[in-house]
1. Got at least one residue in the range 378-385 being open to solvent by less than 90 Å² (accessible area, probe 1.4 Å), of a type in the set (V, I, T) and assigned to a helix (DSSP H, G or I)?
2. Would you pick out the residues in the range 316-329 that are touching a strand residue (DSSP E or B) at 6+ places or on another chain (Cβ under 9 Å) and part of a helix (DSSP H, G or I)?
3. Of all strands (runs of 3 or more DSSP E) completely enclosed by the range 218-315, which ones contain at least 1 residues that are without any contact (Cβ under 8 Å) to a residue 40 or more places away in the chain?
4. Testing E627 on (1) free of Cβ contacts under 8 Å to residues at least 40 places away in the same chain; (2) open to solvent by less than 20 Å² (accessible area, probe 1.4 Å); (3) among the charged types (D, E, K, R), one condition comes back false. Which one is that?
5. Can you tell me how many residues in the range 89-120 are part of a loop (DSSP other than H, G, I, E, B) and more than 21 Å from G44 (Cα to Cα)?
6. Looking at (1) modelled with pLDDT of 80 or more; (2) surrounded by 11 or more Cβ atoms within 10 Å (Cβ to Cβ), which is the only condition H187 fails?
7. How many residues does the range 54-99 hold that are within 17 Å of V134 (Cα to Cα) and touching a residue at least 40 places away in the same chain (Cβ under 8 Å)?
8. Which residue pairs have Cβ atoms under 7 Å apart, sit 6 or more places apart or on different chains, and have a first residue in the range 504-524 that is among the aliphatic types (A, V, I, L, M) and a second that is assigned to a strand (DSSP E or B)?
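The values are calculated or read from the model by the stated rules, or taken from the named source; none is laboratory data. Just so it is clear, the model here is predicted, and its values are computed rather than measured. Positions of Cβ are backbone-derived with ideal geometry, glycine not excepted, and every protein chain shown enters the neighbour counts. Areas reflect the complete protein model, heavy atoms only, side chains present, ligands, DNA and RNA absent. Shrake-Rupley method; radii C 1.70, N 1.55, O 1.52, S 1.80 Å.
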Amino acid sequence: MFDQQNSRMHDPDRKLSAQGGPAWALQALSVARIVFYSIDCASGFMVRSDNSMDILGVPPAAPAATWAAAIFPEDRSQYEDARARLTPESPGFEIEYRIAHAGSGKQFWVLDRGEGEFSPEGRLTGIRGAIIDVSARVSVERELRKAARLRSVVFEAARMAAWHFDIVSDRFTCTDELLALLEIERHEFDGTPRALESAIHPEDREAWRRAHETARTPGNRMEIEFRLKLPDSKLRWLLSRGEVVRRQDGVPLESYGVMIDITERKAAEEAAARLAAIVESSEEAIIAKSLRGVITSWNKGAERLFGYSAEEMIGESIWKLIPEDGEHEEIHILNTIRTGQPVRSHETVRLHRTGRKIHVAVSVSPILNPQGMVVGASTIARDVTERRRQNEMLRENEARLRLALRSARAGAWNFDLRRRELHWSPEMFALYGLDPAKGQPSRESLAQRISPAHRKRARREFARAMLQGGSFTLEFPIVRPDGTEIWTALAGDVIKDEHGRPVSTRGIDQDITERKNWEKRQAMLLRELSHRVKNTLAVVQSVARQTLRSSPSPRSFVDAFEGRIRSLAASHSLLTEADWGGARLDTIIHHQVAAMVHDYEGRFRLRGPAVVLSAEVATQLGLVLHELATNAAKYGSLSVPEGQVDIIWTATKTRLRLVWREHGGPKIEKKPEFSGFGSLLINSSALKVSQRFTQDGLICRLEFAR
């Protein structure tokens, strides 16, 4: 029949049918849902058996391209690849793909099994084959694979394994999951109950045997928790549940069951037990409450802190502990907990049973159910009233210390001699000009800050202080990172252990630069004073001697000498007010000549820049101005009401040039011939002196070194 059918399959004008064979053959193909087909490669036409319309929904004869179009797009490439790989050496193919019934649209799987026909030259001329509906088989295979995967996932997720024990043959079999829990390879397991018992913890083996013996009693089931002792001394907890199968007379034949890894549950139970013990014995108040604020647990610490017993508070609202001004805070806490976020430790106020307010530190964490949902809150509270009082006192003391250190321009330090650790207060960083963000400097780096001229001495004195113990004081200059130098006084105490060995030292470091500068200045001033006293006495002696020589009478001597002494005193008074640091030129002029006239502003006209003169030049210029003003008052422009004096000066870094010009005084007929002590004083005090007498008055040009 099939030879006749195959001969007809190559005739595109005829249908592929069971004609020429028994009718039951086509019926058998339809029952088996098999469609035969033939493809002529030359014409591109495909002929199928008569049942193709019923099974596939396509006519028995149609172009071959229409069949490829009916295949699911995802599977079409493998169909085309299978045809492309046909060769005379490998003419057969077998592939599975999905199609949709052309009439009903129902989707199903088919197995396409065929063979290519080739010409003597090896060219593909046709394909013969059969299309078999395998949807039922594929569906069953899928369900089996799904069930196997589901069983594997369930067993793996639950860390569960199945076992079976044949009592008659003494054979123990199990799934691979149990071997994985036992950490035993399949080839290492001999299939006897002893192989399992050898892995059970020695302390649990007897309980395991008793559980199995008890299970053999009619009506009993077995359930036991035991430990496995695994390699590397690891422990694992298992729960074994099983049943016994018996004969009709009650004799046990076999048992079977499952084993579940409960290591995590046991660890959780142990942790919960430890946590419960910790909570109960904790000195801190630990309170659990619902999201509505209803208290669900209350430990001994809470009883001690708030004064209420557990019986009084469980079932009560947490608001019983909240003062009126703290309601918003508690609302914020509950709202935060609802989001699953904890509330970090913070200080707040709660109410004692007596009504007094308690300062407490509170932290709150969410309580989650097994599904991870927030169902309540756990609050930990501890009394910080005394700590707050101590902290407040400490802050006040630290503030006073900081103020004292800042006022004294000092910093505190501590040096652990054993650990070689140095600790500074913030003021020390400011004192040494260092950045606190860069951390504590090392002792060696600090030693390099000491001025090189004093470094060896400071080290020697510090080492001596460590040997002697007690209090010590060191003074030395340091160089800051910006290059400035300051003097510091290191004052501290050496602390020794019971064996007399120094273990630490502490103290303060104070900026004494101002004191050192004052001491240096005082020494300089003393030297300067001694020098100036000597100079002043010499000047007084010279003034007295020269004045006496040039005075025609005792009265004139007294007048001239007193005037010159007053001039000298005025200069000294002016310099003393300026701490002998120098004096302004316009101030010197005012002190020397203002007392000689009634109208200083009208009689003297000054013009020149602001100039500060040294003490020596100020003293010399003061005497010169006194002599010029005295002569002008006696003989020159200041001797008449309308007379005036112009004082004009210029200055450079090294020279002062001053012009004294009189005008409006008595008419001078000729230059005075007499030259007394005043002229000698003027000529000896200045670097350069030139005097010219005009009919209008004296013009004196002076030059001084600055």
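1. yes
2. Initial filter on the range 316-329 (touching a strand residue (DSSP E or B) at 6+ places or on another chain (Cβ under 9 Å)): 316-318, 320-323, 325-326, 329.
Residues satisfying the conditions are I318, K320, L321, D325, G326, E329.
3. Values: elements: 222-229, 235-246, 252-261, 285-290, 295-298.
The qualifying strands (runs of 3 or more DSSP E) are 222-229, 235-246, 295-298.
4. Only one criterion is unmet by E627, namely (1).
5. 7
6. Every condition holds for H187 apart from (2).
7. 5
8. Qualifying pairs under 7 Å: I508/A410; I508/G411; I508/A412; I508/A491; I512/E475; I512/W487; I512/T488; I512/A489.
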